[in-house]
Amino acid sequence: MNFKVINIVTITGASSGMIGSLLIIIIYLYFKKLRVLYRKLVFILSIYDFLQALSYLLPGQKSKLICYIQFYMLSCFVSAPQFWSASISILSYLKVVKGFSDLKLNKIQNWFHLLMWIKTFSTIWMAIFATKPIQSKAYWCYSDNGKVTFVVYFFLWLYAIICLVFYILIMFRLRKIFKIVSRFDPFQRKNHLNKVWIQLRMSLIPLVYFIIIIPATIRRIREMLHYEKDIPTLDILHSLLITSQGFWDFWIFVIFDPQIRSKIRYCCSEYSRFRVTFNPEKDDDQQSPFTKDFLNQEKQDNYYHLMQMQMK
């Protein structure tokens, strides 16, 4: 397999993953009124997506020091997004099937932070004390230590199984809800279907991770069975998908969230109109009617957020 092709694919996937993750982070931080638990979980996932993509972009083959830095970053962050994908699937199950409130789910997700870092530091310590040297291959720095490799991939596969199992359980539950809702009158049906749609949206990101991990799983199984012949398409898919999770999460975050879409469209249209009508040489009360409304809305939003901060 041509390593130059793998390098290009890796850089492309990691760059798109970083951009997608960064856009999710910006959207979440900017639209303060839309900060609900589901979006908070995607926000946390995007932070680790960003760090994972950054670790893939480090040119490990350039120097031994950077190679070690990249290896430890990958050991730390390669499974963090997958951990949060599995966490989202568990929390979605508790929300949809068990009927947990957002307050309870928020307390549970705080414990997930602790679990993730315990697992992360244990993997890093295994990597530090690896008996075999760290080597550079294509765009990755890796260790030939079988224990480190097993621990990393064991958790990746475990998270994938968790995502799949809980996704199936959620789908069974939603199927029952759809049957019940079909008997309601149109108005009630619409209200219930909107709630179901929100719950379904929460389970899509774990499903995306399960799809992303398939090429890496097939590739690792072939290595364990000592198949020496590489499959170029499989290598390319592995390099592209595993590094670009933030890109796919972004499209799910925007396309399947009507509130986010409408907010982005509204802000773009309002900002473009504001740029056309705003006159910097005039005071606020001398602006055009539209610009006055826009500035007043900004002041109201700022006052609302200030009151919220004081109440906290």
Query raised in the report: Can you tell me which residues in the stretch 218-255 are crowded, with 16+ Cβ neighbours inside 10 Å and more than 14 Å from the chain's Cα centre (by Cα)?
Result: Arg219, Arg220, Leu234, Asp235, Ile236, Leu237, His238, Ser239, Leu240
Query raised in the report: Is the stretch 29-44 home to any residue that is within 28 Å of Ser262 (Cβ to Cβ) and hydroxyl-bearing (Ser, Thr, Tyr)?
Result: yes
Report summary line: Exception for Lys98 within (1) surrounded by fewer than 18 Cβ atoms within 10 Å (Cβ to Cβ); (2) part of a helix (DSSP H, G or I) falls at (2)
**Report entry** Tabulated pairs, the stretch 229-245, first among the acidic types (Asp, Glu), second outside any helix (DSSP H, G or I), C-beta under 6 angstrom, 6+ apart or interchain
**Finding:** Asp230/Met1; Asp235/Met1
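Each value in this text was obtained by applying a stated rule to the coordinates, not by laboratory testing. Worth saying up front: this structure is predicted, and the values here are computed from it rather than measured. We place every Cβ from the backbone using ideal geometry, glycine too, and count neighbours over all the protein chains shown.
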